[in-house]
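Structure, as structure tokens:
The values are calculated or read from the model by the stated rules, or taken from the named source; none is laboratory data. Values in this document were obtained by computation on a predicted structure and should not be read as measured data. Reconstructed Cβ throughout: ideal geometry from the backbone, glycine too, with neighbour counts over all protein chains shown.
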Amino acid sequence: MEKVRLGIVGCGIAARTLHLPALKKLSHLFEITAVTSRTKEHAEEFAEMVGNPRVFENYEDLLDSGLVDAVDLTLPVELNLPFIEKALQRGVHVICEKPISIDVETGKRVVRLAGNSDKTVYIAESFRHVPAFWKAKELIEEGKVGEPVYMNWQIWVGMDESNEYVHTDWRRNPKHVGGFLSDGGVHHVAAMRLILGEVEWVSAIVKDLSPLLGGMDFLSSIFEFENGVVGNYTVSYSLKGNDRFEIAGTKGRMEIFWDKIVLNGKEIEVHHEDSYQKEFEDFYRVITGEKKNDLGDPLEALKDLAFIEACVRSQGSRVSVSSLL
């Protein structure tokens, strides 16, 4: 099996704590051959964690080196579009951290770039690789709750000074719509859409509760899926609480957890897997031609972002999600 030569671009939290552990498990598929970051010091520190990749002082030199077949972009969101474009211009595949871009309009440009290239643009949405969400989808399609009627997801992140994401400059001064609301929220939208399909409209209130976090940090919404299921999605990045994810239907109810689903009071165990490892495995299969880019499709990532942008725009009014696309 031929290894893909991978360049790491951006050596921050996601690259260090999420991507690198997954890639180390996939050393039979990927070889990290090149590294670059905002500062050479960060790149050199990351390179020591990897082994012996070549360190580059800038992105362009890395792309032109002939050492990479693909790049892994873990960057401030506003850099996604220009960095994806440069990689495609040089015939290099891309796996890029979500959200796809700072807003839907620039995200559309990423979708067009991907559509016009014979190279892969894979938006790394880890929640599309979580087994519990796929199991929930399967159970609903099997009619285990009857016709689904209502979905409720409450998420209480409760970030404080001890959270390293709070101290990231580009998160404290976000250029991406809604700040943490889109940075984390596209994960949640990806899961909801995977399980229940496309969202038709949304009405929401957003608030800025914490001076510690950049931009808005609270969102509460009501919306309707195209299949008629009514949803409530509430998330706070500053308030603490107990999360709850449930779906009610005409014949029952389920609660969704990371490692199990409680269906009508009965626990169904779900094997928890490393979703970052799974997304890199999927990326490998896509760029080697084994499968289509279904799970990393930029259009799917754009739809995730469109839901959040619709919420931010709403101010309590109903907004059609498709109107943004």
Identify all residues within the stretch 158-209 that are at pLDDT 95 or above, surrounded by fewer than 24 Cβ atoms within 10 Å (Cβ to Cβ) and among the hydroxyl-bearing types (Ser, Thr, Tyr); write none if there are none. Ser203
Let me confirm something: among Glu273, Glu279, which residue is touching a residue at least 40 places away in the same chain (Cβ under 8 Å) and surrounded by 15 or more Cβ atoms within 10 Å (Cβ to Cβ)? Glu279
Pull up the stretch 263-316, narrow it to residues that are outside any loop (DSSP other than H, G, I, E, B) and among the β-branched types (Val, Ile, Thr), then point me to the one that is farthest from Gly143 (Cα to Cα). Ile287
Looking at Gly265, Gly214, Gly249, which is the one that is touching a Pro at 6+ places or on another chain (Cβ under 6 Å), more than 30 Å from Gly179 (Cα to Cα) and not aliphatic (A, V, I, L, M)? Gly249
When every residue in the stretch 57-78 that is without any contact (Cβ under 8 Å) to a residue 24 or more places away in the chain and closer than 19 Å to Ala15 by Cα is compared, the one surrounded by the fewest Cβ atoms within 10 Å (Cβ to Cβ) is Asn58
Please determine whether any residue of the stretch 211-224 is in the same structural domain as Gly316 (by TED's automatic domain parsing), in a strand (DSSP E or B), more than 24 Å from Pro174 (Cβ to Cβ) and among the aromatic types (Phe, Trp, Tyr). no
Check on Ser203, assigned to a strand (DSSP E or B) and assigned by TED's automatic domain parsing to the domain that holds Arg318: yes
Per-region count, the stretch 282-323, residues under 15 Å from Glu200 (Cβ atoms) and either among the small types (Gly, Ala, Ser) or surrounded by fewer than 20 Cβ atoms within 10 Å (Cβ to Cβ) (or both): 8
Among the residues that make up the stretch 71-78, is at least one of them closer than 30 Å to Ile256 by Cα and either at pLDDT 95 or above or not basic (Lys, Arg) (or both)? yes
Identify the single condition in (1) more than 19 Å from Ala190 (Cβ to Cβ); (2) surrounded by fewer than 19 Cβ atoms within 10 Å (Cβ to Cβ); (3) in contact with a strand residue (DSSP E or B) (Cβ under 6 Å, 6 or more places away or on another chain) that Arg253 does not satisfy, given that it satisfies every other one. (3)
Of the residues that make up the stretch 135-150, is at least one aliphatic (A, V, I, L, M) and either in a loop (DSSP other than H, G, I, E, B) or within 16 Å of the chain's Cα centre (by Cα) (or both)? yes
For the stretch 256-266, give me the residue count where each residue is within 22 Å of the chain's Cα centre (by Cα) and of a type in the set (D, E, K, R). 2
Please tell me if Ala22 is in a helix (DSSP H, G or I) and within 27 Å of Leu305 (Cα to Cα). yes
Subset of the stretch 151-185 [among the acidic types (Asp, Glu) and either on the phi > 0 side of the Ramachandran plot or not in a loop (DSSP other than H, G, I, E, B) (or both)]: Glu164, Asp169, Asp183
Can you confirm whether Lys108 is of a type in the set (Lys, Arg), touching a residue at least 24 places away in the same chain (Cβ under 8 Å) and assigned by TED's automatic domain parsing to the domain that holds Glu85? yes
